[in-house]
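One structure below.
A short reminder: the numbers here are calculations on the coordinates, not readings from a lab. Here the structure is a predicted model, which is why all the values come from computation and not from measurement. Counting neighbours? That spans all protein chains shown, and the Cβs are built from the backbone with ideal geometry, glycine included.
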Amino acid sequence: MKNTLGPVWVIAEQIDGRILAVSLQLIGQVRKLADELGTSVEVVLLGDKLDEQTQQLFAAGADRVYLGNTPDLAFYQPELYTEIIVELAKERQPEIMLIGSTTTGRELAPLVAARLATGLTAHCIDLVLDENQILEQRVPAYGGLLSIICPEKRPQMATVARGVFPTPELDENRTGEIVPLDVPEEIPRRIQTLEVVREEPESVPLESAPIVVAGGAGAGDLEGWCKIAELAKVLNAALGCTRPAVDEGWAGLETMIGQSGRMVSPELYIGVGLSGELQHIVGIADAQVMVAINNDPQSPVFEQVDYGIVDDCREFIPVLIEKIKEYQKERV
Ligand SMILES: Cc1cc2nc3c(=O)[nH]c(=O)nc-3n(C[C@H](O)[C@H](O)[C@H](O)COP(=O)(O)OP(=O)(O)OC[C@H]3O[C@@H](n4cnc5c(N)ncnc54)[C@H](O)[C@@H]3O)c2cc1C
């Protein structure tokens, strides 16, 4: 019997021709969903000078790649990218469409969802099919996990951060079909990316750091925050944060760990002055050792970690920094 379900889609992302890990992880996950649904995996990849990159997408599990490969697409262009994806989706009628929760994906996904008049669940931490083959899009909420479904509209759209799903083993023997895409001529280009200037990260990148120090509201003020930052520096750790630290302006959004931020998997995680809310904790995947410093012995964070220190971080951290420095001197 012919399967009437549309394909499952991943909108892949690349920077300077390098496919992002999250795109490969999403392909790995939709491969499983597609196999359960009995349909195919299709990937849309837009950019320039991408002839070599499609093989990686097939190796990760794609059956077909729609490739927009021209200088006009070299940088992410919101209106142009949206137009291409929307028109193709109208034609191909995908059942599911996944996009990485990256800076680009967070903008592109709602633009596409609005044009296709469908639902979108942001920052999912799991995706499974229910008994009716509807996609359960799971997000942390109310202290647990909430499953969101989009039973009628198609595609079922979700964004997912890097690290939520594992990177699939690449099967270099897999191949597939490449379908070249044309750039439509008449597109409103009210917003155009002319140039991309990259900031050099100030510290070790969060995602690959062996040690992560994360600060929260308990820092109290900028002075308290600077002490947490100093702790990260002496440990040669990456500095992460919770939402309140971003809201207070102590830390940049790009350093927020959690459901709507980064995913980290360090050997050592030290959470300072934070309560261990699920939306933050889901961002710490497979940390080997977790430590929390909190002045409230009843704080739920202590249920999440291996070692807990009950103290005022504003007093404890400066002492800890001195001790670490002394230890480091002795070892030289
Ligand atoms: C849809 C959605 C998505 C979200 N996504 C994220 C996300 O990606 N990442 C994220 O972090 N949050 C996210 N949040 C917010 C999240 O729910 C929590 O509000 C946030 O993580 C709490 O941050 P916190 O632990 O720093 O602050 P609080 O919960 O206020 O905890 C502060 C802690 O500091 C302790 N403390 C106070 N003073 C001191 C002191 N002097 N010394 C030591 N400890 C002290 C307190 O005992 C308390 O436990 C999201 C929320 C929603 C609704």
Checklist outcome for this item: Ranked from fewest to most other Cβ atoms within 10 Å of their own Cβ, 303, 254 fall in the order 303, 254
Next on the checklist: Suppose only helical runs count, i.e. DSSP H with n ≥ 4. What mean residue ellipticity at 222 nm does that imply for the chain under -39500 (n - 2.57) per run, divided by all residues and rounded to the nearest 500 deg cm²/dmol?
Outcome noted: -8500 deg cm²/dmol
Checklist outcome for this item: The exposure ranking of 280, 123, fewest beta-carbon neighbours within 10 Å first, is 123, 280
Checklist entry - Taking Cα atoms, how many degrees apart are the long axis of helix 21-37 and the longest axis of the chain, rounded to 10 and kept between 0 and 90? => result 50
Checklist entry - Normalised by the number of residues in region 1-135, what is the relative contact order in percent for Cα pairs under 8 Å and 6+ residues apart? => result 27
Checklist entry - Can you list, bin by bin at 10 Å, the percent of alpha carbon pairs in the chain, starting at 0? => result 6, 24, 29, 22, 14, 5, 1, 0
Checklist entry - Taking residue 153 as the anchor, which lysines have their alpha carbon closer than 20 Å to its alpha carbon, excluding any fewer than eight residues away along the same chain? => result 90
Checklist outcome for this item: Residue separation between residue 325 and residue 286 times 0.36 nm, minus their alpha-carbon distance, gives in nm 11.2 nm
Checklist entry - region 1-48 to region 231-251: how many Å between their Cα centroids? => result 34
Checklist entry - What's the angle, to the nearest 10 degrees (0 to 90), between helix 103-116's Cα axis and the longest principal axis of the chain? => result 40
Checklist entry - How many angstrom lie between the C-alpha centres of region 278-332 and region 79-128? => result 39
Item to check | Rounded tilt (10° steps) of 222-234 against the dominant C-alpha axis of the chain | outcome: 80
Checklist entry - For the chain, what is the percent of antiparallel DSSP beta bridges, rounded to the nearest 5? => result 20
Next on the checklist: If the only charges are +1 at each Lys and Arg Cβ and -1 at each Asp and Glu Cβ, what is the size of the charge dipole of region 226-309 around the Cα centre, to the nearest 20 debye?
Outcome noted: 180
Checklist outcome for this item: The lysines whose Cα lies under 16 Å from the Cα of residue 325, excluding any fewer than 8 residues away in the same chain, are 227, 233
